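Below: the structure, in structure tokens.
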Amino acid sequence: MNFIKRNIPNFITCLNLFFGCIAIIDAFQNRLADASWMIVYGAIADFFDGMAARLLKAHSPIGKELDSLADVVSFGVAPGMILFQLIGTHPFNWIALLIPIFAAIRLAKFNIDTHQTFYFIGLPTPANALFIASFPLIIQNNAYWHSVYYSNVFFAVWFFVAIAVACSAMMVLPIKLFSLKIKNTSLESNKTRYTFVLLSVICFVILGYASVPIIMLLYIVLSLLSKKSFESPSAA
């Protein structure tokens, strides 16, 4: 039983990896909306493996390494392949491959950095992947963006090239971004987190998939404006 208990978080992490692999297959077959949903499922698994490890007190060195390896696939390679397909056959489509490269760098830095407990330095790879994964869903479900993407190839190519460069840079820039981990229910120490969650829900209800890029910008702006959210919640 103890063996099973210790490996429940690792099993959930492997689910994350599994969804990432399916996302890559979907992307290569140009089923980009399906690939996006696989990344969403991977992000859910990534959230619950950490929660399971904390609840079961099943933290382990192999679990930490496995989590990062799974994240490189699900939140690095998979969104990179989605961008590769969105850019299309343009000679600059290779720029999409910056996403898995910088995701790997981001995760390697995270693994050796002892400061990123209550905040992140650089955009977390799951958030970056969800941002990229939102675009196929927006194109599929929003008539305006569907028309722009399929009728204005020049705009589409350079828009997604710019997205690839910006997202790669955001993952490694030394910018403090708050973590959504809530260690207590104190309003004072979690004010930024509660504000972000509330505004994100409102935004998603109104705009649907198109809200995801806006939510990402909101996350960055609130992080830049907030200092309190970088403190240990137990200090409040």
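Rounded, prolate or oblate for the stretch 1-89? Axes are the square roots of the Cα gyration tensor eigenvalues, ordered a ≥ b ≥ c, and the cut-off for rounded is a/c under 1.5. Kindly include the intermediate steps, with their values, before the conclusion.
On the way: a/c = 3.30, a/b = 2.77, b/c = 1.19.
Here the stretch 1-89 falls in the prolate category.
Extending each Cα 7 Å along its Cβ direction at residue 176 and residue 159, get the distance between those two points in nm, one decimal.
Using points 7 Å along Cα→Cβ, the separation is 3.5 nm.
How much accessible area per residue does the chain have, counting only protein heavy atoms and a probe of 1.4 Å, in square angstrom? Mind showing how you got there, number by number?
Values: 12410 Å² over 236 residues.
Each residue of the chain exposes 53 Å² on average to a 1.4 Å probe.
Rounded to the nearest 500, what is the chain's calculated 222 nm mean residue ellipticity when only DSSP H runs of at least 4 contribute -39500 (n - 2.57) each, over all residues? Each step should come with its number before you reach the end.
Details: 10 runs with 171 residues, N = 236.
Helix contribution divided over all residues of the chain: -24500 deg cm²/dmol.
With the crude spin-label approximation of a point 7 Å out along Cα→Cβ, what separation in nm comes out for residue 191 versus residue 21?
Between residue 191 and residue 21, the simple spin-label model gives 4.8 nm.
Are there DSSP H segments in the chain that both extend 27 Å or more along their axis (alpha-carbon positions) and score a mean Kyte-Doolittle hydropathy of at least 0.0? List them, or say none.
Working: long enough: 2-28 (40 Å, 1.06); 32-56 (36 Å, 1.04); 153-172 (29 Å, 2.51); 187-207 (29 Å, 1.20).
What comes out of the filter, once short or polar helices are dropped, is 2-28, 32-56, 153-172, 187-207.
Assign one of three labels to the stretch 41-178, namely rounded, prolate or oblate, based on the Cα gyration tensor with a ≥ b ≥ c the square roots of its eigenvalues; rounded applies when a/c is under 1.5, prolate when it is not and a/b is larger than b/c, and oblate otherwise. Don't jump to the answer; show the numbers that get you there.
Values: a/c = 2.45, a/b = 1.93, b/c = 1.27.
Prolate.
Could you put 56, 32 in order of accessible surface area, largest first, with the 1.4 Å probe and the full protein assembly present? Can you show the working numbers first?
Values: 56 50, 32 20 Å².
Order by accessible area, largest first: 56, 32.
Ignoring ligands, DNA and RNA, what percent of the accessible area of the chain is carbon or sulfur (1.4 Å)? Write out the running numbers ahead of the final one.
Working: 9140 of 12410 Å².
The value for the chain is 74 percent carbon and sulfur by accessible area.
Over 19 Å between Cα atoms: which of 109/176; 57/191; 57/181 fall into that group? Display every interim value, and only then the final one.
Values: 109/176 14 Å; 57/191 28 Å; 57/181 17 Å.
Checking Cα-Cα distances, 57/191 exceed 19 Å.
Given a cut-off of under 8 Å on Cα pairs at least six residues apart, what relative contact order in percent is computed for the chain?
Numbers: 328 pairs, mean separation 47.0, N = 236.
Averaging sequence separation for qualifying contacts and normalising by length gives 20 percent for the chain.
For a quick check: with amide H placed at 1.01 Å from N, whose amide H comes under 5 Å from residue 175's, ignoring anything fewer than 5 positions away on the same chain?
When sequence neighbours closer than 5 places are left aside, the close amide H contacts are 122.
With r defined as the distance between the Cβ atoms of residue 205 and residue 146 and R0 fixed at 22 Å, what FRET efficiency is calculated, to the nearest 0.05? Don't jump to the answer; show the numbers that get you there.
Working: r = 22 Å, r/R0 = 0.98.
The pair residue 205/residue 146 has a calculated efficiency of 0.55.
The values are calculated or read from the model by the stated rules, or taken from the named source; none is laboratory data. Keep in mind it's a predicted model, so treat the numbers as computed, not measured. Positions of Cβ are backbone-derived with ideal geometry, glycine not excepted, and every protein chain shown enters the neighbour counts. Quick note on the areas: whole protein, heavy atoms, side chains included, nothing else; ligands and nucleic acids left out. Shrake-Rupley method; radii C 1.70, N 1.55, O 1.52, S 1.80 Å.
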